[in-house]
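Working notes, beginning with the structure itself.
The values are calculated or read from the model by the stated rules, or taken from the named source; none is laboratory data. A quick note: this is a predicted structure, and the numbers were derived from the prediction, not measured. So basically every Cβ, Gly included, is an ideal-geometry build from the backbone, and we count neighbours across all protein chains shown. What goes into the accessible areas is simple: the full protein's heavy atoms, side chains included, and nothing from ligands, DNA or RNA. Shrake-Rupley method; radii C 1.70, N 1.55, O 1.52, S 1.80 Å.
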Amino acid sequence: MTKRGEGPVAEIAAMTGTDVATYTRERPGISAFVLEDDALYHTYSTYARGLDGLWGMYQWLDRAPKGRNETDTWFRRHDEYDRG
């Protein structure tokens with residue numbers, strides 16, 4: 001288990017010139033609400049990679065031969081994870 005301030009999120013936060021708390025608080029997100037009978041309900045929220053479906057280019061890259069071709073602290077395809 002990594003301590004807060006270590007790992008990929010901390011590394012990405014440092015690359016953007018901020019700390020982990022600020023980086024995670026300022027990441028992109030989307031929420032859905034519904035107003036029904038004068039009551040407001042929060043029905044859904046997603047952040048960061050949960051928004052990929054809304055970003056059109058990622059859908060094309062995911063189908064490319066090398067995927068997003070991401071390295072370093074980003075996510076890997078399932079067959080690239082270390083065997084435990």
Check: Sorted by mean Cβ packing within 10 Å, highest first, what order do the peptides 21-30, 6-15 take?
Finding: 6-15, 21-30
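Once fully extended, how much extra length lies between E26 and W60, figured as 0.36 nm per residue of separation less the alpha-carbon to alpha-carbon distance? Display every interim value, and only then the final one.
Details: separation 34, 0.36 × 34 = 12.24 nm, distance 2.61 nm.
Extra length from E26 to W60 when fully extended: 9.6 nm.
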Item checked: Per residue solvent-accessible surface (Å²) - segment 7-75, probe of 1.4 Å -> 78
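Please report the equivalent ellipsoid semi-axes of segment 8-73, computed as sqrt(5 x eigenvalue) of the Cα gyration tensor, largest first, in whole Å.
29, 21, 7
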